[in-house]
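Beneath this line is the structure, given in structure tokens, with notes to follow.
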2 protein chains.
Amino acid sequence: MVDILHRVGIKAPLTEVYKAVATREGVAGWWTERTTGESKVGGALQFRFTSGDTDIGGFEMKVLALEPERHVGWQVVNGPEEWIGTTIGFDLRQEGEYVILLFRHQGWKEAVEFMHHCSTKWAVFLMSLKQLVETGRGLPNPHDTKIDNWN
Amino acid sequence: MVDILHRVGIKAPLTEVYKAVATREGVAGWWTERTTGESKVGGALQFRFTSGDTDIGGFEMKVLALEPERHVGWQVVNGPEEWIGTTIGFDLRQEGEYVILLFRHQGWKEAVEFMHHCSTKWAVFLMSLKQLVETGRGLPNPHDTKIDNWN
């Protein structure tokens, strides 16, 4: 098992950072504009991505946990084969003037090249989340920073 | 053992991307301006980082491998305890109009919080490398994008 791990610090109220990961509107502001579904425990969220005018795929996540101002957990139920069954967790805590967000995408079977790509891309999207909460404007898909030929 | 893995694609000649990771001047253009030492197999490179006017630490790497247009390998011989003994590798190959760079920072003993930070920060620096080679100007320390309270 290999994991993708990240840490960002966000200068904003804890409640605002939590909203950005715990609500459909929040996630649509930093990950992908095409976010649908219900962010409630046992519910599911769908995320679709676009390149130019083309749909290039997406993910469906079951919402496993929503602990206000502390933790959000998802499990991938649909999407690329390598993602299915993996879990994604966001842990939040206040540290001085920063909210520390620890991100973990766990349960990858192998360290395939696609995992290297996803690791870098998650970092870029977490910086988009930081920007959204600190400035009011993130860079969700289709406005996301491109990192390689896989987008 | 847990690893930090990343992938970026760079629209530039392979020889330019190789120079950016294989030479002291190259690395100084995307990681830290304060890069000294000799980039030759068996030699060592020193990297120091600044926040404001303060030196906030750094690393020394032994150069393990320099395979033109294919691979650069380092081993950490001095720096934060968690880094000592770990290895850093850059693998390059052409794929269409992109040079694909696979990055691996391997041999971490534990998935400590500092590793989460380093994973995100490496992504930011690899995007700086991409920008350096594609546009002529990267964002090495002290001009680097800050990600959290650890800088």
Task: Condition met for residue B:63 (surrounded by 17 or more Cβ atoms within 10 Å (Cβ to Cβ) and either modelled with pLDDT under 95 or in contact with a helix residue (DSSP H, G or I) (Cβ under 6 Å, 6 or more places away or on another chain) (or both)) - done: no
Open item on the list: Go through the stretch B:104-122 and report how many residues are surrounded by fewer than 16 Cβ atoms within 10 Å (Cβ to Cβ) and more than 7 Å from chain A (Cβ to nearest Cβ).
Closed with: 4
Open item on the list: With the structure loaded, tell me whether residue A:51 is polar (S, T, N, Q) and touching a residue at least 60 places away in the same chain (Cβ under 8 Å) or whether it fails that test.
Closed with: yes
Open item on the list: If the requirement is being in contact (Cβ under 8 Å) with a residue 60 or more places away in the chain, within 28 Å of residue B:2 (Cα to Cα) and within 16 Å of the chain's Cα centre (by Cα), which of these qualifies: A:9, A:58?
Closed with: A:9
- [ ] Kindly provide the set of residues from the stretch A:123-151 that are facing another protein chain (nearest Cβ under 8 Å) and either part of a helix (DSSP H, G or I) or buried (at least 21 other Cβ atoms within 10 Å of the Cβ) (or both), ordered by number.
- [x] A:123, A:124, A:126, A:127, A:130, A:147, A:148
TODO: Look through the stretch A:16-59, keep the residues that are surrounded by fewer than 18 Cβ atoms within 10 Å (Cβ to Cβ) and of a type in the set (A, V, I, L, M), and return whichever of them is modelled with the lowest pLDDT.
DONE: A:56
Task: Filter pass, residue B:101 being facing another protein chain (nearest Cβ under 8 Å), under 14 Å from residue A:119 (Cβ atoms) and under 15 Å from the mean Cα position of the chain (by Cα) - done: no
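Which of the residues that make up the stretch A:91-144 are among the polar types (S, T, N, Q) and touching a Lys or Arg at 6+ places or on another chain (Cβ under 9 Å)? Before you say what the answer is, go through the steps one by one.
Restricting attention to the stretch A:91-144, the residues satisfying the condition of being among the polar types (S, T, N, Q) are A:94, A:106, A:119-120, A:128, A:131, A:135, A:141.
Of everything in the stretch A:91-144, those that are among the polar types (S, T, N, Q) and touching a Lys or Arg at 6+ places or on another chain (Cβ under 9 Å) turn out to be A:119, A:120, A:131, A:141.
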Open item on the list: Regarding the stretch B:72-91, can at least one residue be identified that is within 14 Å of another protein chain (Cβ to nearest Cβ) and in contact (Cβ under 8 Å) with a residue 40 or more places away in the chain?
Closed with: yes
Open item on the list: Considering only the stretch B:21-42, I want to know if a residue exists there that is in contact with a Leu (Cβ under 6 Å, 6 or more places away or on another chain), within 17 Å of residue B:139 (Cβ to Cβ) and not aromatic (Phe, Trp, Tyr).
Closed with: yes
TODO: Kindly check whether there is at least one residue in the stretch A:101-121 that is of a type outside the set (Gly, Ala, Ser), without any contact (Cβ under 8 Å) to a residue 40 or more places away in the chain and within 23 Å of residue A:16 (Cβ to Cβ).
DONE: no
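The values are calculated or read from the model by the stated rules, or taken from the named source; none is laboratory data. Everything numeric here is computed off the predicted structure, so don't read it as measured data. Methodologically, a virtual Cβ is constructed for each residue, glycine included, from the backbone with ideal geometry; neighbour enumeration extends over all protein chains shown.
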